[in-house]
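Undergrad: My questions will all concern the structure given below.
The values are calculated or read from the model by the stated rules, or taken from the named source; none is laboratory data. Since we're looking at a predicted model, the values are computed, not measured. Cβ sites come from the backbone with ideal geometry, for glycine too, and all protein chains shown count toward neighbours. Side chains included, ligands, DNA and RNA excluded: accessible areas come from the protein's heavy atoms. Shrake-Rupley method; radii C 1.70, N 1.55, O 1.52, S 1.80 Å.
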Amino acid sequence: MRVILLGPPGAGKGTQATRIAERYGIPHISTGDILRANVREGTSLGQEAKRYMDAGDLVPDEVIMGMVADRLELPDAEAGFLFDGFPRTVPQAEALEGMLIDRGAPLDAVLRLAVPQDEVVRRLTGRRTCSGCGRIFHEVFDPPVEPGRCDDCGGELTQRDDDTEAVVLNRLDVYRSQTQPLEHFYWERGLLRDVEAVGTPEEVSERAAQVLAEYHGA
Ligand code: AMP
């Protein structure tokens with residue numbers, strides 16, 4: 001199964017991607033996660049990407065395409081993949097299309113997660129990550145027992161640099177101007193499927209699974 005998850009920041013792509021990838025036994029490929037790992041490790045790619053990420057701007061297409069090409073070479077991607085946060089621009093989508101044609105392995109579907117904008121801002125600005133184990137909490141929807149401390153490991157909860165309100169608003173603008181055109185790109189190819197992304201993670205997963213059953217016969 002080869003699938004893309006599309007939707008604004010805060011639509012729940014990360015959460016849904018983990019669930020769907022587990023269900024179908026395919027790797028969850030998040031370009032944002034790969035970039036953050038590079039930033040943490042201080043690689044040259046990470047150093048270049050950080051200034052774009054901190055501002056909520058997009059990392060240049062060539063950097064992203066190099067990373068994705070490398071990732072698709074790993075053996076687990078033979079079973080398929082689920083992209084989360086990629087592609088983000090029409091040139092990225094065109095480059096991916098070319099790569100998949102060369103591999104003889106076209107996309108099955110593009111799921112669009114739909115949520116209202118005010119909900120997205122609330123979700124993102126309340127997100128907190130444990131600096132010890134990486135567990136994600138939410139100040140309103142999933143708060144820790146002790147404020148600022150992880151329930152699992154006691155680590156300090158921090159806000160992602162790009163989850164402050166000003167940066168979130170910029171990420172939404174960038175989404176509208178650069179990523180939203182992909183909806184039309186994939187709609188023209190008959191690949192776009194809508195999943196309403198409000199409700200609990202379980203409810204959203206169930207809707208996504210109903211759509212994907214068409215491709216997997218599950
Ligand atoms: P995410 O975790 O998907 O929200 O990505 C975090 C940040 O990483 C984005 O705001 C961008 O700066 C950068 N990024 C992630 N994926 C891409 C991509 N496909 N194209 C360009 N920039 C990206």
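Undergrad: Against the conditions (1) more than 11 Å from the ligand (Cβ to nearest atom); (2) farther than 27 Å from V198 by Cα, where does G25 fall short? Just the number, please.
TA: Single failed check for G25: (2).
Undergrad: Quick one: in region 198-210, which of the residues that are assigned to a helix (DSSP H, G or I) and open to solvent by 30 Å² or more (accessible area, probe 1.4 Å) is farthest from A11 (Cα to Cα)?
TA: Ranking the candidates gives Q210 first.
Undergrad: State yes or no: is A77 of a type outside the set (K, R), open to solvent by less than 10 Å² (accessible area, probe 1.4 Å) and either closer than 21 Å to T179 by Cβ or more than 10 Å from the ligand (Cβ to nearest atom) (or both)?
TA: So A77 passes the test.
Undergrad: Could you please find all residues in region 6-32 being assigned to a strand (DSSP E or B) and more than 18 Å from R123 (Cα to Cα)?
TA: The answer is H28, I29, S30.
Undergrad: Considering each of D118, D151 in turn, give the residue that is at pLDDT 90 or above, more than 15 Å from the ligand (Cβ to nearest atom) and among the acidic types (D, E).
TA: After applying the criteria, what remains is D151.
Undergrad: Counting only residues that are in contact with a Pro (Cβ under 8 Å, 6 or more places away or on another chain) and open to solvent by 50 Å² or more (accessible area, probe 1.4 Å), how many does region 181-197 have?
TA: 0
Undergrad: Among the residues of region 1-23, how many are surrounded by fewer than 19 Cβ atoms within 10 Å (Cβ to Cβ) and more than 16 Å from the chain's Cα centre (by Cα)?
TA: 1
Listed here are the residues, each with its yes/no results for (1) in contact with a His (Cβ under 6 Å, 6 or more places away or on another chain); (2) assigned to a loop (DSSP other than H, G, I, E, B); (3) more than 24 Å from F185 (Cβ to Cβ); (4) near the ligand (Cβ under 10 Å from one of its atoms).
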{"position": "V3", "(1), (2), (3), (4)": "no, no, no, no"}
{"position": "I34", "(1), (2), (3), (4)": "no, no, no, yes"}
{"position": "L45", "(1), (2), (3), (4)": "no, no, yes, no"}
{"position": "A69", "(1), (2), (3), (4)": "no, no, no, no"}
{"position": "F83", "(1), (2), (3), (4)": "no, no, no, yes"}
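Undergrad: Starting from residues that are of a type in the set (S, T, Y) and in contact with a helix residue (DSSP H, G or I) (Cβ under 8 Å, 6 or more places away or on another chain), keep the ones in region 10-25 and report whichever is nearest to E203 (Cα to Cα).
TA: Once the filter is applied, the top-ranked residue is T15.
Undergrad: Report every pair of residues separated by at least 6 positions or lying on different chains whose Cβ atoms are under 9 Å apart, first residue within region 150-169 and hydroxyl-bearing (S, T, Y), second open to solvent by 60 Å² or more (accessible area, probe 1.4 Å) and modelled with pLDDT of 90 or more.
TA: Close Cβ pairs satisfying both conditions: T158/S131.
Undergrad: Let me ask another. If R176 meets every condition in (1) surrounded by 13 or more Cβ atoms within 10 Å (Cβ to Cβ); (2) part of a helix (DSSP H, G or I) apart from one, which number is that one?
TA: Of everything listed in (1) surrounded by 13 or more Cβ atoms within 10 Å (Cβ to Cβ); (2) part of a helix (DSSP H, G or I), R176 misses just condition (1).
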